[in-house]
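A quick write-up on the structure given underneath.
The values are calculated or read from the model by the stated rules, or taken from the named source; none is laboratory data. Predicted model, so just to flag it, every value in this text is computed and none were measured. Reconstructed Cβ throughout: ideal geometry from the backbone, glycine too, with neighbour counts over all protein chains shown.
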Amino acid sequence: MEINFKGKKALVTGAGKGIGRSVAKKLVELGADTVALSRTQSDLDSLKQEVPGITTVQCDLSDWDQTREIVGNIDNIDLLVNNAGVAALDKFLDVKKQDIDWCFDINYKAVFNVAQVVAKSMVARKSGGSIVNVSSTASLQGLEDHAVYCCTKAAVDKLTKVMALELGQYKIRVNCINPTVVMTPMGKRVWSDPARADPMIARIPFGRFVEVDEVVDSIMFLLSDKASVIHGVLLPVEGGLLTS
């Protein structure tokens, strides 16, 4: 199945590291005029060295007004991947207000903010488009130490459903991808302890966590015309974890 994004312009948030970086690189490979957005300029600089044809934009997504200005100045976006995310892990009884604020600012409010700006432009241009929000299986199950993270991702899932309901009339497809633990540098760091990882892996019929390319390929499909009538879907990428 060939996917080609020639003639399309894409925006990827959280593109400096991990899944977002790989998504941005794959979009360029498939022909999209790609804008990579990240808070960390050094990550963007190294990405630009690897992929000279990519456009990089520095932005702190926790700043609502700055984000709206920066994203609003990126013209003619056809494809949006809301990937940026953070995790503050702690026992429910020990979670601090600043952890809740930080996670919701990035994991939920920034998704809402960026998508609203981009969707308004798509509507005004009558161009249609495709939006993929990156959530997690953590939205669909309870995980120890993940009280805040689980809630932010559940909010993204529900936002995806409402966006799909309201934006479908404008030919804007909105979907969500829900991977389990992905072997990004952050994933490896958080889940490197066998005491934490082994019980989770034991619940996955495939017996392993997810590789970055497996998530990227799923996102490319949802963005593409190959998924032309797939809309409002929460797509688990988890090796069967949710069957247990």
Qualifying positions in the range 151-179 - within 26 Å of N76 (Cα to Cα) and in contact with a helix residue (DSSP H, G or I) (Cβ under 8 Å, 6 or more places away or on another chain): V156, D157, L159, M163, L167, Y170, I172, R173, V174, N175, C176, I177
Among what's in the range 49-65 and is under 26 Å from E29 (Cα atoms) and part of a helix (DSSP H, G or I), pick the residue that is farthest from the chain's Cα centre (by Cα). Q49
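How do the helices (runs of 4 or more DSSP H) wholly within the range 160-244 filter down when requiring 1 or more residues that are farther than 22 Å from V12 by Cα: which remain? Please lay out each step first, then the result.
Numbers: elements: 185-190, 194-201, 212-223.
Here the list reads 185-190, 194-201.
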Do we find that V216 is at pLDDT 95 or above, of a type in the set (A, V, I, L, M) and more than 26 Å from K26 (Cα to Cα) in this structure? no
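Yes/no per residue for (1) surrounded by fewer than 19 Cβ atoms within 10 Å (Cβ to Cβ); (2) more than 19 Å from D63 (Cβ to Cβ); (3) not polar (S, T, N, Q):
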| residue | (1), (2), (3) |
| --- | --- |
| A87 | no, yes, yes |
| K91 | yes, yes, yes |
| D99 | yes, no, yes |
| N133 | no, yes, no |
| E144 | yes, yes, yes |
| A147 | no, yes, yes |
Note on the range 62-105: residues touching a strand residue (DSSP E or B) at 6+ places or on another chain (Cβ under 7 Å) and either of a type in the set (D, E, K, R) or at pLDDT below 95 (or both) are D78, G85, L89, D99
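Scan the range 105-141 residue by residue and report those that are assigned to a strand (DSSP E or B) and either touching a Phe, Trp or Tyr at 6+ places or on another chain (Cβ under 9 Å) or of a type in the set (D, E) (or both).
Of the range 105-141, the ones assigned to a strand (DSSP E or B) are 129-134.
Within the range 105-141, just G129 meets the criteria.
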Consider only pairs whose beta carbons are under 6 Å apart and that are at least six residues apart or on different chains; among these, list those whose first residue lies in the range 156-181 and is of a type in the set (A, V, I, L, M, F, W, C) and whose second residue is at pLDDT below 95 and in a helix (DSSP H, G or I). V181/G187
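Inside the range 119-162, can you point out the residues that are aliphatic (A, V, I, L, M) and under 15 Å from the mean Cα position of the chain (by Cα)?
First, pick out the residues of the range 119-162 that are aliphatic (A, V, I, L, M): 119, 122-124, 131-132, 134, 138, 140, 143, 147-148, 154-156, 159, 162.
I131, V132, V134, A138, A154, A155, V156, L159, listed by residue number.
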In the range 183-204, which residues are surrounded by 12 or more Cβ atoms within 10 Å (Cβ to Cβ) and either aliphatic (A, V, I, L, M) or in contact with a Ser or Thr (Cβ under 8 Å, 6 or more places away or on another chain) (or both)? M183, M186, V190, A197, M200, I201, R203, I204
Kindly indicate whether any position in the range 37-55 is under 20 Å from P185 (Cβ atoms), touching a Cys at 6+ places or on another chain (Cβ under 6 Å) and either charged (D, E, K, R) or modelled with pLDDT of 95 or more (or both). yes
Looking only at residues that are part of a loop (DSSP other than H, G, I, E, B) and among the basic types (K, R) in the range 66-97, which one is nearest to G129 (Cα to Cα)? K96
Would you tally the residues in the range 101-129 being free of Cβ contacts under 8 Å to residues at least 24 places away in the same chain and under 26 Å from C150 (Cβ atoms)? 2
Residue pairs, Cβ under 9 Å, 6 or more apart or interchain, first in the range 31-49 and touching a residue at least 60 places away in the same chain (Cβ under 8 Å), second surrounded by 14 or more Cβ atoms within 10 Å (Cβ to Cβ) and among the charged types (D, E, K, R). List them. none
Among the residues of the range 1-26, which ones are over 22 Å from T67 (Cα atoms) and either surrounded by 24 or more Cβ atoms within 10 Å (Cβ to Cβ) or aliphatic (A, V, I, L, M) (or both)? M1, I3
